[in-house]
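No lab work stands behind these numbers, since they all come straight from the coordinates. Here the structure is a predicted model, which means the values were calculated and not measured.
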Ligand code: RB5
């Protein structure tokens with residue numbers, strides 16, 4: 001599975017660690033930046049990652065900023081993207097089973113690294129339920 005990952009300066013540390021971790025799980029990862037803790041604009045990175053996922057170049061995207069909120073606002077404006085801001089593992093699992101989310105957003109200032117890695121792993125490894133009620137609801141999002 002091909003994963004696009006990106007962050008702003010506020011998520012740079014976790015981006016680096018998450019990218020390293022998911023490579024050890026066997027995922028192919030492309031890093032869209034940012035490449036340092038120098039201040040930058042989260043919408044630029046969020047759009048690049050989200051568009052790459054929406055265009056089918058990547059199976060999923062992961063975006064990290066200070067809160068995850070800015071990233072999720074931008075990502076959900078890209079048609080075809082269903083971005084989920086998660087701070088717990090239950091939501092990470094359910095958003096895959098119910099929403100078939102294709103972008104995960106995390107807040108580096110909100111959750112610890114251990115929890116972030118658990119959320120990422122669960123989100124990557126949980127399949128969409130494929131239940132009709134969820135397929136119908138997802139189709140209604142795109143209307
Ligand atoms: C950057 O200061 C901060 O606003 C950003 O990382 C993020 O939290 C935005 O939602």
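A compact table of results
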quantity	calculated
Between helix 42-54 and the chain: long-axis angle, C-alpha atoms, 0 to 90°, nearest 10	40
Additional length obtainable on full extension of the chain from residue 28 to residue 139, 0.36 nm per residue less Cα span	37.1 nm
Scaled radius of gyration (Cα, divided by 2.2 N^0.38 Å) that segment 1-59 gives	1.09
Gyration tensor (alpha-carbon) shape descriptor, segment 79-130, a/c threshold 1.5	oblate
Normalised contact order of the chain, rounded percent, pairs of Cα under 8 Å and 6 or more residues apart	24
q = 0.12, 0.13, 0.19 Å⁻¹, the chain: log10 I(q)/I(0) [Debye, one scatterer per Cα]	-0.41, -0.48, -1.06
Between 0 and 90°, nearest 10: helix 113-125 axis offset from the chain longest Cα axis	40
On Cα atoms only, tilt of 132-141 relative to the major axis of the chain in degrees	60
